[in-house]
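Step one of this worksheet: look at the structure below.
The values are calculated or read from the model by the stated rules, or taken from the named source; none is laboratory data. If you're wondering where the values come from, they're calculated on a predicted model, not measured in any experiment. No Cβ is skipped: glycine too gets one built from the backbone with ideal geometry, and neighbour counts run over all protein chains shown. Protein only, heavy atoms only, side chains kept; ligands, DNA and RNA dropped before computing areas. Shrake-Rupley method; radii C 1.70, N 1.55, O 1.52, S 1.80 Å.
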Amino acid sequence: MIMVARPYWKGQIRLALVSIPVEIYSATRSGATIAFNQIHEPSGKRIKYEKIVPGIGPIDLDDIVKGFEYAKGEYVLLDEKEIEGVKLESKKTLELTQFVDAHDIDMIYFEKPYYVVPADDLAEEAFIVLREALRRSRKVGLGQLAMRGREYVVSIKACGRGMVMETLRYADEVNKAARYFHEIGDGEPDDELLDLATTLIDKKTGKFHASDFHDRYVDALKELIEHKKKGKTLNIDSDDEGGADPRGNNVVDLMAALKKSIGPASKAKATAKKPAGKVAAKSDAKSAGKTSAKKRA
């Protein structure tokens, strides 16, 4: 039997007058990480932190409440019951208010995925109808949902036998790309360089399998820890190579690098891709230039 975690959220999806009881589960989990503690080196003991009020000292955790600072040193105090008491329909109901094509939403707005399943057998029929309607129309539904202290914009789309809900970032949470891209030139790349780069991409194109990738940094840290446990030392090679500028000061022949990357067989294909019209046009231009030069002579 597959053990399923407790639902992250329970409520209903509403489409016009139709309400579908659902449960939402996190679709992702944290990967393998190496957690470090802060250690007092002379004693080898772990450093701990205490909740301290200036002028009072350590305090009882039960005496802690949440406060909003509305002026310097002035707070509005709120307890958990008051916060939970905030009335918001989206705490229990996800109303689908709009439908859009999936490609209309820029990928940068997507934040975290969740699996959506019917809450019980009675909800299954309506759930399947909505799922297949989304699949047939190739649309995603949009709405707002309150979870864990905030309200999210979310999208709903068909996924296998179920549906996937993804939380979206609000517009003011995304930095405008123009602030970072405005200094990049808008010139057109060289056609031959572009052909070589495209050939290289074609050569390395394949199906995505998430299992093909793993965290090599975590693996390297585990190896380092095992060596240290055994009292061994590691020679840490510097990647700087004498403090070289990481941006690279060496002048690289881009054409040569691309040709070397794709190999001799693929290089011939890239050359063959060039339109015959362009070659003929260049030859005609050279011939015309020579004829003009003879006339001037």
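Answer yes or no as to whether residue 34 is touching a residue at least 40 places away in the same chain (Cβ under 8 Å) and open to solvent by less than 60 Å² (accessible area, probe 1.4 Å). Before you say what the answer is, go through the steps one by one.
Working: touching a residue at least 40 places away in the same chain (Cβ under 8 Å): yes; open to solvent by less than 60 Å² (accessible area, probe 1.4 Å): yes.
In short, yes.
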**Request:** Looking only at segment 130-147, decide whether some residue is open to solvent by less than 100 Å² (accessible area, probe 1.4 Å) and touching a Pro at 6+ places or on another chain (Cβ under 6 Å).
**Result:** no
**Top-ranked residue in segment 92-106 [being under 23 Å from residue 25 (Cβ atoms) and of a type outside the set (S, T, N, Q); ranked as nearest to the chain's Cα centre (by Cα)]** = 105
**Asked** When segment 46-69 is examined, which residues are found to be in a strand (DSSP E or B) and more than 38 Å from the chain's Cα centre (by Cα)?
**Response** 53, 57, 58
**Item:** Residues (among the small types (Gly, Ala, Ser) and over 18 Å from residue 136 (Cβ atoms)) located in segment 88-120
**Value:** 90, 119
**Asked** Within segment 164-219, which residues are open to solvent by 90 Å² or more (accessible area, probe 1.4 Å) and either of a type in the set (Gly, Ala, Ser) or under 30 Å from residue 128 (Cβ atoms) (or both)?
**Response** 207, 208, 209, 211
**Asked** Could you say which residue among 88, 94 is open to solvent by less than 90 Å² (accessible area, probe 1.4 Å), touching a Leu at 6+ places or on another chain (Cβ under 8 Å) and under 29 Å from residue 8 (Cβ atoms)?
**Response** 94
**Index of the failed condition, residue 108 passing every other in (1) assigned to a helix (DSSP H, G or I); (2) open to solvent by less than 50 Å² (accessible area, probe 1.4 Å)** = (2)
